[in-house]
Ligand code: SIN
């Protein structure tokens with residue numbers, strides 16, 4: 001499946017011939033930019049909401065005990081806040097490898113905080129990929145995250161870094177912050193919610 005995702009992404013030719021492309025990140029791409037970029041700007045996309053519905057066998061879990069990481073799912077009127085990076089097309093080889101566990105490139109309109117917008121790309125893991133786990137209560141998601149770890153580290157670290165990065169951007173995300181609260185309670189059961 002990983003190889004298939006990489007091959008599908010390589011065939012995505014919408015931005016062929018462009019010297020630079022904007023990439024929108026909503027998960028680990030907000031806080032971990034392990035690739036060269038020309039510019040970086042807080043941004044959002046409309047009609048999508050962030051959900052910890054994607055399984056991670058390769059970064060934050062294992063095939064036997066997958067973790068849960070962020071994807072975005074369509075929701076009318078929703079706004080998903082994140083970070084946009086202006087990159088050159090050569091960077092996609094690295095990104096396709098990093099996002100290989102089910103994420104496909106999709107073109108989208110990216111809005112910047114000054115009201116301007118541009119067309120760019122986002123990596124999305126939809127329900128058709130084999131690693132997709134789907135909806136669960138935020139408490140159950142927190143329980144799964146609390147147990148999981150993979151080559152990139154504990155699954156909880158992903159969630160906590162993302163919550164911290166969203167706060168630094170001055171953004172709220174009820175789904176992410178609810179999972180964060182459950183995680184805190186699971187690790188310190190005596191404390192209030
Ligand atoms: C993203 O951050 O935009 C994609 C999901 C991830 O790599 O965590």
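I need to check one value: relative contact order of the range 6-187, counting alpha carbon pairs closer than 8 Å and at least 6 residues apart, in percent. Don't jump to the answer; show the numbers that get you there.
Numbers: 358 pairs, mean separation 50.8, N = 182.
Dividing the mean separation by the residue count of the range 6-187 yields 28 percent.
Mind checking the angle between helix 138-147 and the chain's longest principal axis? C-alpha axes, 0 to 90 degrees, to the nearest 10.
90 degrees
Taking a spot 7 Å from the Cα of residue 19 along the direction of its beta carbon, which residues of the range 88-103 have an amide N less than 18 Å from it?
88-92, by backbone N distance to the label point.
For the range 1-114, place one equal point scatterer on every Cα, skip the solvent, and apply the Debye formula. What is log10 of I(q)/I(0) at q = 0.13, 0.14, 0.19, 0.22 Å⁻¹?
Values, matching the q order: -0.52, -0.60, -1.13, -1.45.
Roughly what angle does helix 155-168 make with the longest principal axis of the chain, taking Cα atoms, 0 to 90 degrees, to the nearest 10?
70 degrees
Quick check: the distance between the Cα centres of the range 129-168 and the range 94-108, to the nearest angstrom?
Taking the Cα centre of the range 94-108 as reference, the centre of the range 129-168 is 18 Å away.
Let me have the 222 nm mean residue ellipticity of the chain computed from DSSP H runs of 4+ only, each contributing -39500 (n - 2.57), with the sum over all residues rounded to the nearest 500. Working shown, then result.
Numbers: 6 runs with 58 residues, N = 193.
One gets -8500 deg cm²/dmol as the mean residue ellipticity at 222 nm.
State the extension gain, in nm to one decimal, for the chain segment bounded by residue 79 and residue 185, taking 0.36 nm per residue of separation less the distance between their alpha-carbons.
Details: separation 106, 0.36 × 106 = 38.16 nm, distance 2.81 nm.
Length difference between fully extended and current span is 35.3 nm.
Does anyone have the angle between helix 174-187 and the longest principal axis of the chain? Alpha-carbon axes, 0 to 90°, nearest 10?
It works out to around 40 degrees.
Compute the Cα gyration tensor for the range 67-119, then decide on rounded, prolate or oblate, letting a ≥ b ≥ c be the square roots of its eigenvalues: rounded whenever a/c is under 1.5, prolate when a/b is larger than b/c in the other cases, and oblate in all that remain. Please list the in-between numbers first.
Working: a/c = 2.25, a/b = 1.21, b/c = 1.86.
Judged from the Cα gyration tensor, the range 67-119 comes out oblate (a/c at least 1.5, b/c at or above a/b).
Determine the relative contact order of the range 100-193: mean sequence separation of Cα pairs under 8 Å and six or more apart, normalised by residue count, in whole percent. Write down the numbers at each step before the final one.
On the way: 84 pairs, mean separation 19.0, N = 94.
Here the relative contact order equals 20 percent.
Throughout, read-outs are computed from the coordinates displayed, never taken from laboratory work. Being a predicted model, the structure only gives us computed values, none of them experimental. Cβ coordinates were reconstructed from backbone atoms using ideal geometry, including for glycine residues, and neighbour counts include every protein chain displayed.
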